[in-house]
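Asks: Before I ask anything, here is the structure I am working with.
The values are calculated or read from the model by the stated rules, or taken from the named source; none is laboratory data. Just so you know, these numbers come straight off a predicted model, no measurement behind them. Neighbour counts run over all protein chains shown; Cβ positions are idealised from the backbone, glycine included.
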Amino acid sequence: MPPEDDGHAIQVHLDRLLEARSMTLAELAARVGVTNVNLSVLKNGRAKAIRFTTLTAICRVLECQPGDLLSYEEEGAGEDGSGGGVRSGNE
């Protein structure tokens, strides 16, 4: 079954940040004050939204910026960088 089009091109890099800090999802969830399930949904790219308070808490605990956690990748962009990048909206 093909993946469902969720209407967004936001990539979540939580797994990379956790690995770099040798932290588990369960530990982050406890320190942020959200459930493992909610963080798992975010980590796997299935979240429809994130509260700024949750984003703030994640960034505080991981000592990162929102741009370290989230990125925009145009549809059809390859891993080699072709077709990817951030659009300014003025194009």
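Asks: Within region 42-54, work out how many residues are over 10 Å from the mean Cα position of the chain (by Cα), surrounded by 15 or more Cβ atoms within 10 Å (Cβ to Cβ) and either among the aliphatic types (A, V, I, L, M) or part of a loop (DSSP other than H, G, I, E, B) (or both). Reasoning before the result, please.
Replies: So in region 42-54, the residues over 10 Å from the mean Cα position of the chain (by Cα) come out as 48-49, 51-54.
Checking which are surrounded by 15 or more Cβ atoms within 10 Å (Cβ to Cβ) leaves us with 54.
Filter again for either among the aliphatic types (A, V, I, L, M) or part of a loop (DSSP other than H, G, I, E, B) (or both), leaving none.
Residues meeting the conditions: 0.
Asks: Could you check Leu28 against (1) within 17 Å of Asp68 (Cα to Cα); (2) at pLDDT below 95; (3) not hydroxyl-bearing (Ser, Thr, Tyr) and say which number it fails?
Replies: For Leu28, the failing item is (2).
Asks: Looking only at residues in region 64-79 that are of a type in the set (Gly, Ala, Ser) and surrounded by 13 or more Cβ atoms within 10 Å (Cβ to Cβ), which one is modelled with the lowest pLDDT? First the steps, then the outcome.
Replies: The initial filter retains those residues of region 64-79 that are of a type in the set (Gly, Ala, Ser), namely 67, 71, 76-78.
Cutting the leftovers down to surrounded by 13 or more Cβ atoms within 10 Å (Cβ to Cβ) gives us 71, 77.
Numbers: Ser71: 96, Ala77: 56.
Ranking the qualifying residues of region 64-79, first place goes to Ala77.
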